[in-house]
Amino acid sequence: MSKSNSDDHWLVRPKTIRLLWQIFAGILALTVLAQFVIKIKGYVGVDGWFGFGALFGFAACVAMVLFAKLLGVFLKRGENYYDEEEDNA
Amino acid sequence: MPEYLPPALILLTGALLIGILRGHMRTAVVLLSPLLTLWAVWQVPDGVVATMPFLDYVIEPVEGSPLRRLFATIFAGMVFAGGLYAYRLARWYELAAAYAYAAGAIGVCFAGDLITMFLYWELMALFSTIVVWCGNTQGARAAGIRYAVMHLLGGIILKVGIEGVVVHTGSIDLQPMQVTNFDTWMILIGILINAAAPPVSAWLADAYPESSPTGSVFLSAFTTKTAVLALIMLFPGESILIWIGLFMVMYGIIYALLENDARRILAYSIVNQVGFMVCAVGIGTEMALNGAAAHAFAHIIYKALLFMSAGVVIYRTGKHKCTELGGLFRTMPLTAFCGIIGALAISGVPLTSGFTTKTMISQAAANQELVAVYLLLGAASAGVFLHAGIKFPWFVFYQRDSGLRPKDAPWNMGAAMLILVVFCIGIGVFPGLFYQFLPYPVDYEPYTAGKVLFYLQLLLFSGLAFFLLLPLMRRTETISLDTDWIWRVLIFRILQKLGLASTAVGRAISQFVRRTLNNLLAKAGHHLSTEAPDTEEEPGMLARSRPIGRTALWIAVLLTGYVLAYYF
């Protein structure tokens with residue numbers, strides 16, 4: 001993500017980033033495993049299943065990013081698109 | 001004469017004084033008039049407080065209720081925070097316009113009838129346009145005109161609806177109505193235009209990011225949330241709003257994901273958040289309406305906070321694109337911290353205001369057994385974290401090192417942001433204190449272990465998705481086409497084509513006219529050479545008398561033609 005640079009801020013050093021990923025992975029695992037202890041009350045059925053929140057959140061985001069990417073193919077234009085259109089008009 | 005001042009008039013007077021006074025006096029007005037307004041808001045008792053004759057009607061300029069006071073409170077509070085944030089940087093006319101704009105919003109809050117509501121509604125449209133213009137760039141001027149056209153159009157549609165309701169029911173009361181006929185549809189559409197509902201959502205992301213760094217803070221707060229209030233008061237439980245709201249929620253996420261401009265990301269996320277509120281109004285139960293009102297309140301705070309942090313960045317660096325920013329946390333720790341708190345709050349992370357208000361809407365959907373709505377709101381919550389919760393702070397403050405080393409926020413901007421941070425966290429940690437101000441009694445507990453765990457899973461795994469998909473989200477120097485393409489490009493292309501066609505038609509017409517004239521001249525010559533025509537005959541074209549109605553019609557046609565010819 002960030003270029004490695006020995007005199008750079010501690011937060012962007014590769015070592016820190018690796019550590020942050022490890023902590024993040026630990027927390028992720030913990031939130032799912034916690035469901036063995038804490039019962040999630042399902043309001044519509046599926047949302048009470050084991051790990052549903054995790055899977056649903058992840059899948060929803062992947063779907064949205066991919067959908068946005070797809071739309072972007074059709075909708076993206078250069079930054080000066082409207083200025084150029086005005087000049088043509 | 002009422003025994004106290006309507007809150008909107010206090011703020012309007014403040015706006016006027018900002019224009020008249022200079023130096024410390026002006027600063028005093030900027031900071032004190034919102035507080036005085038806030039005090040006045042809490043002096044308004046329930047029910048109609050003041051009436052006055054207007055034309056043939058008795059209007060009710062001030063009517064109080066818990067819901068109205070709630071919205072007016074956050075509006076007045078927001079003016080104070082915005083004033084503190086802006087007063088050293090913004091020009092006096094931007095401040096004056098922003099205060100008058102906010103006065104319009106507060107006026108709508110207490111409007112007891114449709115006529116009063118409409119007048120304040122237009123006040124908002126007028127002065128918010130000026131705030132957009134204060135961006136003071138070519139882009140801001142053009143966007144301001146498009147913004148004004150959209151809102152004047154919305155105002156006309158609203159007015160048509162109000163006239164219809166007044167004529168057909170004889171009542172100017174502001175009360176819940178059913179969308180059953182033309183009149184009520186017009187009112188609904190007029191309000192939805194201000195809420196940035198489809199198909200005209202584009203006006204928001206077009207105009208707000210063009211305003212000045214201080215102007216966008218004010219703009220983010222009032223127009224859309226006043227529309228939400230109007231929807232709560234006029235159309236609670238109108239089921240079509242559920243689907244309009246869900247569309248807005250998804251639209252906001254997708255467009256924000258595609259966007260490169262930092263403030264435009266935030267603008268799209270306004271549409272997204274207002275979508276939650278519109279959806280809640282559509283659900284229409286007491287819990288849903290509480291949720292809509294609470295979420296509007298919380299949203300104004302964290303969205304202003306986000307716009308403030310983006311504003312500081314733009315003020316300090318002069319840059320506003322994700323592709324040009326990054327790594328700013330090094331020298332702007334305070335701004336980064338405030339931006340992150342705003343981002344966490346908008347994502348509805350537990351212990352922030354977003355969690356205690358947005359989950360109320362989801363709960364209301366679940367209670368009504370609206371399974372699809374409940375799940376879509378859940379997916380949207382994940383999407384909010386994706387596009388605003390992480391994307392905004394990540395690309396502005398982290399990402400790569402852009403090499404920029406700007407100074408942190410000036411003290412007044414930092415203070416304004418910290419005040420909002422306190423409220424973002426306060427409402428999240430002590431929801432009970434806040435819930436008592438909601439319009440209906442609250443029977444909802446946000447902090448159950450299961451609910452917190454569910455949302456932590458949802459949000460943290462969205463975060464995982466963000467970082468895993470980062471390569472797919474590389475920012476490009478692009479904009480995304482929206483429905484505004486229709487009125488910014490398509491219409492002009494069609495007119496161009498028509499223009500070409502009309503030149504062809506014009507040539508044909510002029511040929512025809514020339515030929516006819518020649519014939520006439522030839523005939524006239526022929527007649528003049530003989531004796532005068534019989535007087536019994538119909539008089540000549542110019543001598544005939546015509547009914548005045550037809551004359552007026554032709555003048556109208558001529559004028560229209562003239563205006564069109566002049567315009568193109």
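Worth pointing out:
- Of the peptides B:495-505, B:431-441, B:26-36, the ranking by mean beta-carbon count within 10 Å, highest at the top, reads B:26-36, B:431-441, B:495-505.
- FRET efficiency estimate (nearest 0.05) - Cβ-Cβ, B:Leu433 to B:Leu498, R0 51 angstrom: 0.25
- Positive-end ranking of B:Leu5, A:Ile23, B:Ala343 along the dipole of the protein assembly as shown, with charges on Cβ about the Cα centre, is headed by A:Ile23.
- Between B:Trp554 and B:Leu517, residue separation times 0.36 nm minus the direct Cα-Cα distance comes to 11.2 nm.
- Estimated distance in nm for a label pair at B:Tyr57 and B:Leu21, the labels positioned 7 Å out from Cα along Cα-to-Cβ: 3.5
- When restricted to Cα atoms, chain B yields an Rg and a Dmax of 27.8, 108 Å, respectively.
- Leading residue at positive end of dipole, the protein assembly as shown (Cβ point charges), from B:Ala230, A:His9, B:Ile115: A:His9
- The share of accessible area on the protein assembly as shown that comes from carbon and sulfur is 68 percent, using a 1.4 angstrom probe.
- Links that overshoot a 22 Å alpha carbon limit, given the list B:Lys358/B:Lys391; B:Lys303/B:Lys391; B:Lys319/B:Lys358: B:Lys319/B:Lys358
- From largest to smallest, the equivalent ellipsoid semi-axes obtained for the range A:10-88 from the alpha-carbon gyration tensor read 40, 24, 8 Å.
- Highest to lowest packing among B:288-301, B:207-220, scored as the average C-beta count within 10 Å: B:207-220, B:288-301
- D (Stokes-Einstein, µm²/s), Kirkwood Cα radius, the range B:215-311, 1.002 mPa s at 20 °C: 161
- Mean sequence separation of contacting Cα pairs (under 8 Å, at least six apart), scaled by the length of chain B, corresponds to a relative contact order of 12 percent.
- Size check on the range B:310-368: the Cα extents along the three principal axes, sorted descending, read 48, 20, 16 Å.
- Full extension of the segment from B:Arg91 to B:Leu32, taken as 0.36 nm per residue of separation minus the current Cα-Cα distance, would add 19.4 nm.
- Value at 222 nm in deg cm²/dmol, rounded to 500, when DSSP H runs of n ≥ 4 in the protein assembly as shown each add -39,500 (n - 2.57): -23000 deg cm²/dmol
- Debye log10 I(q)/I(0) for the protein assembly as shown, one point scatterer per Cα, at q = 0.05 Å⁻¹: -0.27
- For the range B:14-106, chymotrypsin sites (Phe, Trp or Tyr not before Pro) meeting the loop criterion (DSSP other than H, G, I, E, B) and having at most 16 other Cβ atoms within 10 Å: B:Trp42.
- Net charge dipole, the range A:10-88: roughly 960 debye, given to the nearest 20, about the Cα centre with Cβ charges of +1 for Lys and Arg and -1 for Asp and Glu.
- Number of partner chain Cβ atoms within 10 Å, mean per residue of B:484-496: 2
- Protection proxy ranking, highest mean first, for peptides B:391-398, B:269-276: B:269-276, B:391-398, where packing is the per-residue count of other beta-carbon atoms within 10 Å, averaged.
- Magnitude of the charge dipole, the range B:236-493, Cβ model with Lys/Arg +1 and Asp/Glu -1, debye to 20: 1000
- In a reduced charge model with +1 at each Lys and Arg Cβ and -1 at each Asp and Glu Cβ, chain B shows a dipole moment near 2340 debye about its Cα centre.
- Two-site label geometry, A:Gln22 and B:Ser171: point separation in nm, points 7 Å out along Cα→Cβ: 6.9
- Take each residue in B:255-261, count the other chain C-beta atoms within 10 Å of its C-beta, and the mean is 3.
- Calculated SAXS-style log₁₀ I(q)/I(0) at q = 0.26, 0.27, 0.30 Å⁻¹ - the range B:353-412, Debye, Cα scatterers: -1.05, -1.08, -1.16
- Under the simplified labelling scheme, the A:Trp49-B:Asn181 pair shows an inter-label distance of 5.0 nm, with each label point 7 Å from Cα along Cα→Cβ.
- Its alpha carbons considered, the range B:236-493 gives a radius of gyration followed by a Dmax of 18.3, 58 Å.
- With a 10 Å cut-off around each Cβ of B:63-74, the average count of Cβ atoms from other chains is 0.
- Buried solvent-accessible surface, both chains (B, A), 1.4 Å probe, Å² to nearest 100: 4800
- For the range A:4-89, trypsin sites (Lys or Arg not before Pro) meeting the loop criterion (DSSP other than H, G, I, E, B) and having at most 13 other Cβ atoms within 10 Å: A:Lys39, A:Lys41.
- If R0 is 41 Å, the Cβ-Cβ spacing of A:Ile38 and B:Lys407 corresponds to a FRET efficiency of close to 0.35.
The values are calculated or read from the model by the stated rules, or taken from the named source; none is laboratory data. Keep in mind the model is a prediction, meaning the values are calculated, not measured. All Cβ positions, glycine included, derive from the backbone under ideal geometry; neighbour counts span all protein chains shown. The area values use the complete protein model at the heavy-atom level, side chains included, leaving out ligands, DNA and RNA. Shrake-Rupley method; radii C 1.70, N 1.55, O 1.52, S 1.80 Å.
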